[in-house]
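Novice: Below are the structure tokens for one structure; questions will follow.
The values are calculated or read from the model by the stated rules, or taken from the named source; none is laboratory data. Model, not experiment: these values are computed from the prediction. Cβ atoms come from the backbone with ideal geometry, glycine included; neighbour counts cover every protein chain shown.
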Amino acid sequence: MRLSQLFTKTTRNVPADETAKNAQLLIRAGFIHKEMAGVYAYLPLGLRVLENIKQIVREEMDAIGGQELIMTSLQRKELWETTDRWDDKQVDVWFKSQLKNGTAVGLAWSHEEPITAMMKNYLSSYRDLPAYAYQFQTKLRNELRAKSGIMRGREFVMKDLYSYSRSEAEHQKFYDAVTAAYMKVFKRVGLGDSTFFTLASGGAFTQFSHEFQTVSEAGEDTIYLNKAKKIAINKEVLSDEVLKQLAVKRDELEEVEAAEVGNIFNFGTSKSEQLGLYFTDEDGKQQPVVLGSYGIGITRLAGVIAEHFADDKGLVWPEAVAPAKVYLARLGNDAKVVKQADDLYERLTAGGVQVLYDDRDARPGEKFADADLLGIPYRLVISDKTVAGDHYELKARTEDTARQVSQGELLKTLAVKA
Ligand code: ATP
Ligand code: MG
């Protein structure tokens, strides 16, 4: 991608009401556009980050047997009435609307009800089970407060997976597989050491659910954490009983702020019974299907990553999610410089490396500041000086100084394919 052709631009102007660091940086870098509080558009570079995160999640969900689909955003009132989740007193984030003929519809804030009702078409025998379906979808939630930038949207992208199992034991096995897959996801996006499997409230069948909490000052949750023992408890469920169950003492736990990046949930057979999802077991008996529900906030995760790695110069993306691996800064318009930069851009791109090519007619200081603000892992400079010296100038985003490298070293460091 050539920056001379990218329509977005970096800016110093951030909406006055935007107080969250993640959104401030993402707006300044041109990754997102704020439409209104809690509602953001994802611009080309921001979309690349989301797509990279989604791809990591997709690979891990596919690896445990997940099958991707997309449910609808318009939902039937009757389904949610059946499970007593239509009333605003039960679910306080609903956006609701109606068809021309007056029929009420809900705008999707979650999907347990419609997907479980839909599964009645496909799951009726023990032979059809277990089944695992997931999607990436824009959820709409009328959140009371939206002050955390993209970490709390009124419109946001979630990965939600639903598991349908024959028994509690079969369910538990998959629940554990999802737990492991989620940890792989958080590790791959660079948050492995700061994300904890956390005991939390909720759960229709069990008393608790589990959250994945990333330690972050920007998070809205408080958790009690013992890093060494990898024990984390959401403040909302901290009690003597819970401490005893986890064999940990209160004074072994540290109170920290955290952001919930994922949540996994056992619904037991409650929803299947309400919505009529039964299967015939090996003895010919009708049994309700066991439902599990597993979310990851994709856009929240992007915000948490932005917050976690940012420094005083701007964003710092881990390679796995960065919108490009290399920021190629061409300094000056000398024919030799242009030729070498153009050639290198082609060479890197052909070798499977994503490059943001700063071919704009701008001052070096401006290019360097943008390279830092955008948070691209490597900055590569081509100038009169480097052409004359027959070397390149390479700097990792996390390093303070650039070093001179030969072409061979460059291709090796960037893992450019032959
Ligand atoms: P929270 O307590 O933060 O409101 P939740 O319990 O309502 O979250 P779930 O319904 O379990 O969240 O949604 C699954 C995941 O989606 C959450 O773990 C979180 O990562 C993400 N998420 C939830 N609400 C939002 C939101 N308003 N904006 C962005 N991501 C969200
Ligand atoms: Mg919520």
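Novice: If a residue must be surrounded by fewer than 18 Cβ atoms within 10 Å (Cβ to Cβ) and farther than 17 Å from Met151 by Cα, how many such residues does the range 198-227 contain?
Specialist: Summing the residues that are surrounded by fewer than 18 Cβ atoms within 10 Å (Cβ to Cβ) and farther than 17 Å from Met151 by Cα in the range 198-227 gives 9.
Novice: Within the range 76-87, restricting attention to residues that are under 28 Å from the mean Cα position of the chain (by Cα) and more than 15 Å from ligand 1 (Cβ to nearest atom), which residue is surrounded by the fewest Cβ atoms within 10 Å (Cβ to Cβ)?
Specialist: Step by step, filter the range 76-87, then rank; the result is Arg76.
Residue-by-condition table, conditions (1) of a type outside the set (Phe, Trp, Tyr); (2) within 15 Å of ligand 1 (Cβ to nearest atom); (3) in contact with a Leu (Cβ under 9 Å, 6 or more places away or on another chain):
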site: His171; (1), (2), (3): yes, no, yes
site: Asp176; (1), (2), (3): yes, no, no
site: Phe208; (1), (2), (3): no, yes, yes
site: Glu236; (1), (2), (3): yes, yes, no
site: Leu253; (1), (2), (3): yes, no, yes
site: Lys271; (1), (2), (3): yes, yes, yes
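Novice: So, in the range 133-153, of the ones that are buried (at least 19 other Cβ atoms within 10 Å of the Cβ) and basic (Lys, Arg), which residue ends up farthest from Thr179 (Cα to Cα)?
Specialist: Here the answer is Arg141.
Novice: When you look at Tyr182, is it outside any strand (DSSP E or B) and aromatic (Phe, Trp, Tyr), yes or no?
Specialist: So Tyr182 fits the description; yes.
Novice: From Ser216, Ser201, Ser209, grab the single residue that is over 21 Å from Phe265 (Cα atoms), in the same structural domain as Ser293 (by TED's automatic domain parsing) and of a type outside the set (D, E, K, R).
Specialist: Ser216
Novice: Checking Ala320 against (1) assigned by TED's automatic domain parsing to the domain that holds Gln24; (2) of a type outside the set (D, E, K, R); (3) in contact (Cβ under 8 Å) with a residue 60 or more places away in the chain; (4) away from ligand 1 (no atom under 16 Å from the Cβ), which single condition isn't satisfied?
Specialist: Every listed condition holds for Ala320 apart from (1).
Novice: Moving to a separate point now. Select from the range 351-367 the residues that are touching a residue at least 24 places away in the same chain (Cβ under 8 Å) and either among the aliphatic types (A, V, I, L, M) or closer than 10 Å to Leu331 by Cα (or both) and list them in ascending order.
Specialist: Val353, Val355, Leu356, Asp358, Asp359, Arg360, Asp361, Pro364, Lys367
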